[in-house]
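Please read the structure below before turning to the comments.
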Amino acid sequence: MSHAHGSPSPVASKAGTPLKGRIRVPGDKSISHRSMIFGLLSIGETRVEGLLEGDDVLRTAEACRALGATITREAPGRWRIIGVGIGGLTEPKDVLDFGNAGTGSRLMMGVAGSHPITSIFDGDASLRKRPMRRILDPLTQMGVAVISEAEGGRVPLTLRGPKETIPITYETPAASAQIKSAILLAGLNSPGRTTVIEQEATRDHTERMLRHFGASVEVAPHGADGRAITLQGQPELRGTEIVVPTDPSSAAFPLVAALITPGSDVVIEGVMMNPLRTGLITTLIEMGASIERLNERDEGGETVADLRVRHSRLTGVTVPHARAPAMIDEYPILAVAASFAEGTTRMQGLHELRVKESDRLAAVAAGLAEAGVEHEIQGDDLLVHGSNGKVRGGGNPVATHLNHRIAMSFLVMGLATAQPMTVDDSAMIATSFPSFIPLMRELGATIQD
Ligand code: S3P
């Protein structure tokens, strides 16, 4: 399928020399989106270092501009935002077009929807298929009017917010940081306390950044794995400095590439080690991966480490469902690692993967089939039967369905398969990791367009 940037651009990868060297991947996508959003909602100036300049984040920046923020790029990764403060948003003149970005669109529904303005949300063919009810339901309870929506609660949709939102207590129906964040952001314009209950803890960047900008947030344990997060509404957020740590979800690609490519020895510098994001590393270490955490330190309020990764013999494991929130975006690349392992890897409870940029579970299975990897889907579980380092590869180009992580995963796979792998389109890689191909080439990878 073609997309907003023109015709599809296929890319192929093939086995070559071992991967060697040191790289640093770009800033975290979740924190980059939130940097723009908190900049908008603050009074005064916010300075951001290390922003991910991927398409998704740039769409969020555009939307923040349309709502009144003054945003300037001072140097690569260095941005300055002058906010308008909670309650100060202006009505956008145009449709807010979020392109491929689920996070940007959903978080901004909480932001724009909680103000007495009319805002229209839209996106590309992929975003138009993704479920937005999960955001619209709690927002409606908070007093937000959904004026129009595409069938089944999808974009394009139009929101009209109240003067102040109604504070609610809401238990999220899925383990989703996007749902949690949209509610908390809408709760900023409430006169009282907004509580979100999640049965399984998801990434906590919104909570951390709320505090960093001056809001009062209480977090209490809830049940075995969950949390209750309470925000005191209508704080005065003050512009501040943000250093964006690097994205563990992007680091995952060179990391697995080094694990599966014989002879490799790679250092990935300054990777964010937030425990709600490191499920993949936990899993790979259980599988026998050689991953050393070096030089652990604090950067911008998060622990980061340099990861030294060496080619390893991997063994299949069972990945419990409870770990899903900490590695939700990493299952496609884990499936690649599992293809090279000895024995079966069972990934439990992957229903949330079906509602990403595309049905990632189906897309992973289709890609594995092209590469000749034995696998099964049993209910919401994915089973990959590894072939102990020997994967055929080849097949037809893998269909990426506008999904950046599917594209990167199968390009990584092709670095260690007997025959090269091709993906049908690489353009979407720019949404989250624009420098993926040059960085992989720097390590010695053979990737050809
Ligand atoms: C994100 C939350 C996750 C993740 C996405 C980023 C966020 O989505 O997949 O890439 O920044 O809050 P869900 O909330 O749908 O799990």
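Can you give the accessible area per residue of the range 7-74, in Å², using a 1.4 Å probe?
Result: 35 Å² of accessible area for each residue.
Just flag the trypsin sites (Lys or Arg not before Pro) in the range 163-234 sitting in loop per DSSP whose Cβ has no more than 14 other Cβ atoms within 10 Å.
Of the trypsin sites (Lys or Arg not before Pro), the ones in loops of the range 163-234 whose Cβ has at most 14 other Cβ atoms within 10 Å are K163.
Which FRET efficiency, nearest 0.05, do I117 and N388 yield, Cβ-Cβ r, R0 56 Å?
0.45
Loop-only trypsin sites (Lys or Arg not before Pro) in the range 28-133, please: DSSP not H, G, I, E or B, and at most 14 other Cβ atoms within 10 Å.
K93
Counting pairs of Cα atoms in the chain, how many percent are more than 39 Å apart?
17
Just grab the label-to-label distance for E269 and R297, each label 7 Å out from Cα along the Cβ direction, in nm (one decimal).
Result: 1.0 nm between the two label points.
Counting only pairs 8 or more places apart or on different chains, how many lysine pairs in the range 29-232 have C-alpha atoms closer than 24 Å?
The result is 5.
Let me check I've understood the local charge: for F340, count other residues with C-beta under 11 angstrom from its C-beta, Lys and Arg +1, Asp and Glu -1. What total comes out?
Once positives and negatives cancel, what remains is +1.
Whole number please: convex hull volume per residue, Cα atoms of the range 29-232, in Å³.
Spread over its residues, the Cα hull of the range 29-232 gives 102 Å³ apiece.
Along each of the three principal axes of the Cα atoms of the range 10-67, give the extent in whole Å, ordering the values from largest to smallest.
For the range 10-67, the Cα extents along the three principal axes come out at 52, 27, 12 Å.
Obtain the nm distance between the two label points defined at R24 and S216 by a simple spin-label model: each point lies 7 Å from its Cα along the Cα-to-C-beta direction.
It is 3.8 nm.
Tally Lys/Arg at +1 and Asp/Glu at -1 over every other residue whose Cβ is under 12 Å from the Cβ of I120; what's the total?
Summing Lys and Arg as +1 and Asp and Glu as -1 gives -3.
Give the accessible area for D359 in Å² (nearest 10); use a 1.4 Å probe, count only protein heavy atoms, and leave out ligands, DNA and RNA.
Ignoring ligands and nucleic acids, D359 comes out at about 50 Å².
If I stretch the segment between N396 and A75 completely, what's the gain in nm (0.36 nm per residue apart, minus their alpha carbon distance), one decimal?
That pair, N396 and A75, stretches by 111.5 nm at full extension.
With +1 assigned to the C-beta of every Lys and Arg and -1 to the C-beta of every Asp and Glu, and no other charges, what is the dipole magnitude of the range 304-432 about the Cα centre in debye, to the nearest 20?
Approximately 420 debye in magnitude.
Could you give the size of the charge dipole of the range 29-232 about its Cα centre, using +1 on the Cβ of each K and R and -1 on the Cβ of each D and E, expressed in debye and rounded to the nearest 20?
120
Can you give the FRET efficiency to the nearest 0.05 for R47 and R128, using r as the Cβ-Cβ distance and R₀ = 41 Å?
0.75
Ignoring ligands, DNA and RNA, what percent of the accessible area of the chain is carbon or sulfur (1.4 Å)?
49
Check the straight Cα-Cα distances from K390 and name the lysines below 27 Å, setting aside those fewer than 8 residues away within the same chain.
Within the straight-line cut-off, K390 pairs with K14, K20.
Run the simple label-point estimate for A362 and R160 please: 7 Å along Cα→C-beta, distance reported in nm.
So the two model labels end up 3.6 nm from each other.
Nearest 20 debye, what's the magnitude of the dipole of the chain about its Cα centre given +1 on Lys and Arg Cβ and -1 on Asp and Glu Cβ?
Charge dipole, the chain, about its Cα centre: 200 debye, nearest 20.
Under 13 Å from the Cβ of H311, count the other residues' Cβ atoms, weight Lys and Arg +1, Asp and Glu -1, and hand me the total.
+3
Using a Förster distance of 22 Å, how high is the FRET efficiency between A228 and D137, based on the Cβ-Cβ distance and rounded to 0.05?
So, using R0 = 22 Å, E works out to roughly 0.70.
The values are calculated or read from the model by the stated rules, or taken from the named source; none is laboratory data. As the structure is a prediction and not an experimental result, all values here were calculated from the model. All Cβ positions, even for glycine, are placed from backbone atoms using ideal geometry, and neighbour counts span all protein chains on display. Just so you know, the surface numbers come from the protein's heavy atoms only, side chains and all, with ligands and any DNA or RNA stripped out. Shrake-Rupley method; radii C 1.70, N 1.55, O 1.52, S 1.80 Å.
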